[in-house]
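One structure below.
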Amino acid sequence: MVDAPSPLSDLVAHAHHRRVVVIGGGLAGLVAALECAKVGIRVTLLEQSETLGGAIQPYEADGFPLPTGPLDHSATETMRSLVDDLGLGAHVVAPRTDETWIAGLPQGAAKLPAATVRGIPANPWADDVRAIIGWGGAWRAYLDRLRPPLTIGVERNLARLVRTRMGDRVLDRMVTPLSVGTLGIGPEELDVDALAPGLNTALTRTGSLGGAVAELLATDATPQAAGLDGGMPRLTAALERRLGDLDVEVRRRTRAVALTAGDGGWRVSVESEAPAATPDATAPPAAGAPPADPDSGDPGPARPDEDPSVIDADAVIVAVGAREARTLLAAHVAELDTAPRATPGVIETVTLVVSASTLDTHPRGARVVRIPGTGPAAVVSHETARWAWLADAAGPGRHIVRVRFGGGDTEPATTGLTDDQARALAASEASALLGVDTAELRVLASTRTTSAAERPSSALGHAAETAAIRTAIAGSDGLAAVGAWLSGSDPADVVRDATSEADRVRRATLWTGPPAE
């Protein structure tokens, strides 16, 4: 008597008959591809450039690693799960300092007090707070203790909440520079409940905004940051290796130009700068891959006579930027054009490798944020002060400094400048904000990157806007979109969102009708 196949075996065989195309090889696309491939679904990943990882790229300058893109992420459960699954748990590191300074103050730069949440102080009379807002600002902020709590109609707008409770000086000198410098948008665009969960509830309970901040600090409810030894390229490289282990087909230098809905599936039209690789039909299957069975309906490896300019799929996950995603989806999601979505601005980051022994003592901590309108750069990040692995690679006297221009509605001051001019401006800004004499700060190497200033998930209306877009896309079976323009800019949000959407797609794909031919 032959044993009947187990339900799990049936599911694995069924999954191998399904195909998902992921358009875009950034972090969101890599995670979405992994989530589909690890249950046995055949995945084709399309990437327009030569390298995977999107904004997260390895880079070397002056003899040591200088990765582009973010160096940290929020330490969420989903991100920890991914890092552990990829075997990177031992490489997780915490910043050795997150000390932040504020520049552009009338009295010069000052350290942001530790007893704050998103720049809101627990005690306006504290010496380090008064050093920033002055006696007049402290008296105005003290009125917060005398005002009634918000028991009806909780204020979601961070700027209005802070101005109403503590006044303009706390808002303009503490909250605004921190918001613009770290999140890229002002507090008038930030949602209190998304940015500082529990703050409004604590305000009602304690009777004051300062009291609410003190309560959140006591409960350690503020978000924590984490990074990877070697930088975030370690994560994308591990994802790429895992996709290789799972036999994901990766087509580089290949751009999706159109999506066509078919009978129960999708056709993706592509353009490639180089001919797509044709698998060797005589080669044995990769370890762990189910063999092709001509009688099972499994198409097996791609046939040499297949048209490389079209790919048939049961589902498509679009993991590119907002503009390209809308272009691909427009023909199938009519409501997408009416779904509200703010157009992201542009940020330009100039990363400098500098020689300056004064910086060995980290005189202004991990970053210096600037009051908007008081100078060209929004923030200077002293990365070798923040990350021990970078400092070890750099050695004494050498430092990595990132200077960010633009963000929100502000055009970068580097727009139209040559690389040499941008480098000179960045060096001048780094010197001024870090308090180092210009003659002492010698630039050894630099790199310049431009990217969309995607709004964080804590932006006002972000959740509603994303829900409207997702509802519109969900009207087309087998279609999904992921990426920072939907999830928010934090890599942890990108991973969480891509994981969730890929799970939705794979569930629908595994329990639908006949697979794409």
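Within segment 446-480, if we keep just the residues that are surrounded by fewer than 18 Cβ atoms within 10 Å (Cβ to Cβ) and of a type in the set (A, V, I, L, M, F, W, C), the residue that is farthest from G181 (Cα to Cα) turns out to be A474. Look at (1) surrounded by fewer than 18 Cβ atoms within 10 Å (Cβ to Cβ); (2) in contact with a strand residue (DSSP E or B) (Cβ under 9 Å, 6 or more places away or on another chain); (3) part of a loop (DSSP other than H, G, I, E, B); (4) not aromatic (F, W, Y) and you find that S49 fails only one, number (2). Within segment 500-511, residues that are within 13 Å of G265 (Cα to Cα) sit with their Cβ atoms under 8 Å from residues that are assigned to a helix (DSSP H, G or I), at 6+ positions apart or across chains, in these pairs: V505/A32; V505/C36; T509/C36; L510/L11; L510/H14; L510/A15. Could you please let me know if R496 is modelled with pLDDT under 90 and under 25 Å from L235 (Cβ atoms)? For R496, the condition - modelled with pLDDT under 90 and under 25 Å from L235 (Cβ atoms) - is not met. Here A237 passes the criteria (1) within 30 Å of S272 (Cα to Cα); (2) touching a Leu at 6+ places or on another chain (Cβ under 7 Å); (3) among the small types (G, A, S) except the one numbered (2).
Please go through segment 144-164 and give me each residue that is in a helix (DSSP H, G or I) and either among the β-branched types (V, I, T) or at pLDDT 95 or above (or both), ordered by number. Reasoning before the result, please.
Here is the first cut: in segment 144-164, the residues in a helix (DSSP H, G or I) are 144-145, 158-164.
Answer for segment 144-164, where residues must be in a helix (DSSP H, G or I) and either among the β-branched types (V, I, T) or at pLDDT 95 or above (or both): L158, A159, R160, L161, V162, R163, T164.
Considering segment 194-226, the residues that are modelled with pLDDT under 90 and under 18 Å from the mean Cα position of the chain (by Cα) include one that is surrounded by the fewest Cβ atoms within 10 Å (Cβ to Cβ), namely Q224.
To keep it simple, each residue is scored yes or no on (1) out of contact with any strand residue (DSSP E or B) (no Cβ under 6 Å at 6 or more places or on another chain); (2) closer than 12 Å to V350 by Cα; (3) not assigned by TED's automatic domain parsing to the domain that holds T68.
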residue	(1), (2), (3)
P396	yes, no, no
P412	no, yes, no
A430	no, yes, no
T449	no, yes, no
A464	yes, no, yes
A468	yes, no, yes
A472	yes, no, yes
G475	yes, no, yes
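Residues of segment 331-351 being touching a helix residue (DSSP H, G or I) at 6+ places or on another chain (Cβ under 6 Å) and modelled with pLDDT of 90 or more, which ones? Listed by number, the list holds a single entry, V350.
Inspect segment 130-153 for any residue being of a type in the set (V, I, T), more than 22 Å from L105 (Cα to Cα) and free of Cβ contacts under 8 Å to residues at least 40 places away in the same chain and give the result as yes or no. Steps first, answer last, please.
Of segment 130-153, the ones of a type in the set (V, I, T) are 132-133, 151-152.
Then keep just the ones that are more than 22 Å from L105 (Cα to Cα); that gives 151-152.
Adding the requirement that they be free of Cβ contacts under 8 Å to residues at least 40 places away in the same chain leaves 152.
Scanning segment 130-153, I find at least one residue that is of a type in the set (V, I, T), more than 22 Å from L105 (Cα to Cα) and free of Cβ contacts under 8 Å to residues at least 40 places away in the same chain, so the answer is yes.
Could you tell me whether E440 is touching a Ser or Thr at 6+ places or on another chain (Cβ under 8 Å), modelled with pLDDT under 95 and of a type in the set (D, E, K, R)? Taking the combined requirement at face value, the residue satisfies it.
The values are calculated or read from the model by the stated rules, or taken from the named source; none is laboratory data. Fair warning: this is a prediction, and the values are worked out from it, not measured in the lab. Reconstructed Cβ throughout: ideal geometry from the backbone, glycine too, with neighbour counts over all protein chains shown.
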